[in-house]
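S.K.: Before anything else, here's the structure in question.
Taken together, the values in this text are just the output of simple stated rules run on the coordinates, not laboratory data. Every value quoted in this text rests on a predicted model; they were computed, and no experiment measured them. Note: ideal-geometry Cβ built from the backbone for every residue, glycine included; neighbour counts use all protein chains shown.
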């Protein structure tokens, strides 16, 4: 999963996969049949582990603006951690999927649609909790604003490669002000 995370599907060669998995070519093809199948399995694993924990953090929270701030701060920390340690940035695998041709494959597209829908639903839930806490107006707890937050989340992946943590934090504050 990590080599796809670092390089994306298109830039990952079979040699990269052999090196990363420590399998020989024959074993790799015997186990997965193709680079695409290995990618799909890695993407499904990513969805079950990384995205699941991010979504559970939103869904099981008490909601509110502080929850959104924590989600985005944790997201930035996760994306920026690779850059700060001198490693390649580990950007969101679903972002790679969305912008690469593999995202047009039916299985990958289905997984991606599921991730986007779940994220939108989780954000909608958090926004509704923020209304109950009287932190935002009822009109702010819309699916449109939840979808806006989904787009902002993926925008952080791109911007994290070029902006500092403080600039990203300012961006998040601006996004949250638009919701309030």
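S.K.: On a 0 to 90° scale, report how tilted helix 35-46 is relative to the longest principal axis of the chain, with both axes built from alpha carbons and the result rounded to the nearest 10.
M.R.: With rounding to tens, the tilt is 30 degrees.
S.K.: Let me ask you something else. If I stretch the segment between residue 164 and residue 70 completely, what's the gain in nm (0.36 nm per residue apart, minus their alpha carbon distance), one decimal?
M.R.: The span from residue 164 to residue 70 would gain 32.1 nm if fully extended.
S.K.: Now, a different point. Using Cβ counts within 10 Å as a stand-in for footprinting exposure, how do 22, 165 rank, fewest first?
M.R.: Details: 22 8, 165 15.
Exposure proxy ranking, most exposed first: 22, 165.
S.K.: For the chain, what does the helix formula give at 222 nm: sum of -39500 (n - 2.57) over DSSP H segments with n ≥ 4, over the residue count, nearest 500 deg cm²/dmol? Numbers along the way, then the final one.
M.R.: On the way: 10 runs with 128 residues, N = 180.
Value at 222 nm, helices only, nearest 500: -22500 deg cm²/dmol.
S.K.: Quick one: Cα centre-to-centre distance for the range 27-66 and the range 155-180, in angstrom?
M.R.: First find each Cα centre; the distance between them is then 24 Å.
S.K.: For the Cα atoms of the chain, what angle does the longest principal axis make with the long axis of helix 106-132, in degrees from 0 to 90, nearest 10?
M.R.: The helix 106-132 is inclined about 20 degrees to the chain.
S.K.: Roughly what percent of Cα-Cα pairs across the chain reach past 25 Å?
M.R.: Working: 6228 of 16110 pairs.
Result for the distance tail: 39 percent.
S.K.: Sticking with this structure for a sec: Rounded to the nearest 0.05, what FRET efficiency is calculated for residue 174 and residue 7 with R0 set to 25 Å and r the Cβ-Cβ distance? Can you show the working numbers first?
M.R.: On the way: r = 31 Å, r/R0 = 1.24.
Working from the Cβ atoms, E equals 0.20.
S.K.: How many nm is it between the label spots at residue 16 and residue 81, if each spot is 7 Å from the Cα in line with the beta carbon?
M.R.: With each label point 7 Å from Cα toward Cβ, the separation is 2.1 nm.
S.K.: Return the FRET efficiency for the residue pair residue 37, residue 113: r is the Cβ-Cβ distance, R0 is 22 Å, and the value is rounded to the nearest 0.05.
M.R.: Working: r = 20 Å, r/R0 = 0.89.
Calculated value: 0.65.
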